[in-house]
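The values are calculated or read from the model by the stated rules, or taken from the named source; none is laboratory data. For clarity, every value in this text was computed on a predicted model and none was experimentally measured. Note that we place each Cβ from the backbone using ideal geometry, even for glycine, and neighbour counts take in every protein chain shown.
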Amino acid sequence: MFKLGVQVRGAISIDQVIQWKDRNIKVIEILLPGTTNREMIDFKKRYLDRYELEPIVTVLIYPDGRLEVEGVEGKTMDWFSQGRELVERLGTRIVRAVAVHGNQPFLSIRRVVVDALNKMVPTLEEGNMKVALENHGENPEEIFEAITQVTSNRVGILFDPANVCPAKQDPLEVAKYFGPYIIEIHVKNVKATAENQYVGCSLKEGLVNWSKIIHLLGKASWGRDIILMTELGDETSTLEGLEYLQQLIMHARA
């Protein structure tokens, strides 16, 4: 039903995640850890195989149609010429996709995003992978329309409920709307300040009602696991978030 994951960036290292294995962590979201097949194989053996962790990497979709895999130290690799092969060597089954459109409206590049995802499909099939397009500031309807224009069930949605809050949208209703297209969820929370700014907070107290979202998804019958990827920034918040999620998952299963 659910797989727990941790985003390994900034203050969170993979060595910390390994120490938390008793938290039932199954997935990590990482930057591609090198530029050669040998680096991928070594990383896979040292961490992923040994500790039974599934890796998720990020592909950036640019307005000119480029598809680039995010790597360590700010490096990026073209998906078709090098990145895809390295991702396969790593044993990746889920790829996170992010549309890079700056201040341009998503509508201005939606066709580019759809075309890019469709071009990825044959390579996804060859590598037995899926790709999940993340919602950032985009209108959920625009993300939904883009996904439904891709001619493959290997393409779905990475839903970040906190990202819809600044637009005054209800995360629970968006979860219902995205429904069976959800492959992965970014788990964090936000609250509004007196200056109408949105800042991070604990999972229990923000605008995203995680109890209701987990209950909704836990009762769904889509025949697959949904990845719950904690994106909480530091060790204390991550451990508290994982504990809270485990409690919600237990209630959802009851």
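Results for (1) among the charged types (D, E, K, R); (2) within 17 Å of residue 69 (Cα to Cα), shown as yes or no for each residue.
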{"position": "2", "(1), (2)": "no, no"}
{"position": "5", "(1), (2)": "no, no"}
{"position": "9", "(1), (2)": "yes, yes"}
{"position": "13", "(1), (2)": "no, no"}
{"position": "18", "(1), (2)": "no, no"}
{"position": "22", "(1), (2)": "yes, no"}
{"position": "29", "(1), (2)": "yes, yes"}
{"position": "36", "(1), (2)": "no, yes"}
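Which of the following residues is among the β-branched types (Val, Ile, Thr), surrounded by 21 or more Cβ atoms within 10 Å (Cβ to Cβ), more than 24 Å from residue 254 (Cβ to Cβ) and touching a strand residue (DSSP E or B) at 6+ places or on another chain (Cβ under 8 Å): 174, 164, 190? Give the derivation first.
Values: 164 fails: touching a strand residue (DSSP E or B) at 6+ places or on another chain (Cβ under 8 Å); 190 fails: surrounded by 21 or more Cβ atoms within 10 Å (Cβ to Cβ).
Only one candidate qualifies: 174.
In the set 57, 95, which member is hydrophobic (A, V, I, L, M, F, W, C), buried (at least 20 other Cβ atoms within 10 Å of the Cβ), within 18 Å of residue 152 (Cα to Cα) and touching a Lys or Arg at 6+ places or on another chain (Cβ under 8 Å)?
On the way: 57 fails: within 18 Å of residue 152 (Cα to Cα).
So the residue among 57, 95 that is hydrophobic (A, V, I, L, M, F, W, C), buried (at least 20 other Cβ atoms within 10 Å of the Cβ), within 18 Å of residue 152 (Cα to Cα) and touching a Lys or Arg at 6+ places or on another chain (Cβ under 8 Å) is 95.
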Next item on the list: Among the residues of the stretch 195-210, write down those that are over 12 Å from residue 171 (Cα atoms) and modelled with pLDDT of 90 or more.
Entry: 198, 199, 200, 201, 202, 203, 204, 205
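Output yes when any residue across the stretch 6-17 is closer than 21 Å to residue 133 by Cα and of a type in the set (A, V, I, L, M), and no when none is. If you could, list the steps in order and put the result at the bottom.
Residues of the stretch 6-17 that are closer than 21 Å to residue 133 by Cα, as a first pass: 6-9.
Within this subset, residues satisfying the condition of being of a type in the set (A, V, I, L, M) are 6, 8.
The answer is yes, given that some residue of the stretch 6-17 is closer than 21 Å to residue 133 by Cα and of a type in the set (A, V, I, L, M).
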Check: Is it true that residue 56 is part of a strand (DSSP E or B), out of contact with any helix residue (DSSP H, G or I) (no Cβ under 9 Å at 6 or more places or on another chain), of a type outside the set (Lys, Arg) and at pLDDT 95 or above?
Finding: yes
Item checked: Unique match (being surrounded by 22 or more Cβ atoms within 10 Å (Cβ to Cβ) and either more than 26 Å from residue 254 (Cα to Cα) or assigned by TED's automatic domain parsing to the domain that holds residue 249 (or both)) among 216, 133 -> 133
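Just to be sure I understand, how many residues within the stretch 143-164 are in a loop (DSSP other than H, G, I, E, B) and either outside the structural domain of residue 101 (by TED's automatic domain parsing) or within 15 Å of the chain's Cα centre (by Cα) (or both)?
As a first pass, look at the stretch 143-164 and keep what is in a loop (DSSP other than H, G, I, E, B): 149-154, 160.
Within this subset, residues satisfying the condition of being either outside the structural domain of residue 101 (by TED's automatic domain parsing) or within 15 Å of the chain's Cα centre (by Cα) (or both) are 154, 160.
So the answer is 2.
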Next item on the list: Would you check which residues across the stretch 118-130 are surrounded by 13 or more Cβ atoms within 10 Å (Cβ to Cβ) and not in a helix (DSSP H, G or I) and list them?
Entry: 127, 129, 130
Check: Taking strands (runs of 3 or more DSSP E) that fall entirely within the stretch 165-253, which contain at least 1 residues that are more than 16 Å from the chain's Cα centre (by Cα)?
Finding: 189-192, 198-201
Item checked: Count - residues of the stretch 1-34 that are more than 17 Å from residue 91 (Cβ to Cβ) and outside any helix (DSSP H, G or I) -> 12
Notebook entry, point to check: Among (1) among the acidic types (Asp, Glu); (2) part of a helix (DSSP H, G or I); (3) within 25 Å of residue 122 (Cα to Cα), which single condition is residue 73 missing?
Noted result: (3)
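State all residues of the stretch 136-147 that are over 23 Å from residue 224 (Cβ atoms) and buried (at least 19 other Cβ atoms within 10 Å of the Cβ); if no residue qualifies, say none. Steps first, please.
Taking the stretch 136-147 as the starting set, the residues that turn out to be over 23 Å from residue 224 (Cβ atoms) are 136-139, 141-142.
Within the stretch 136-147, just 138 meets the criteria.
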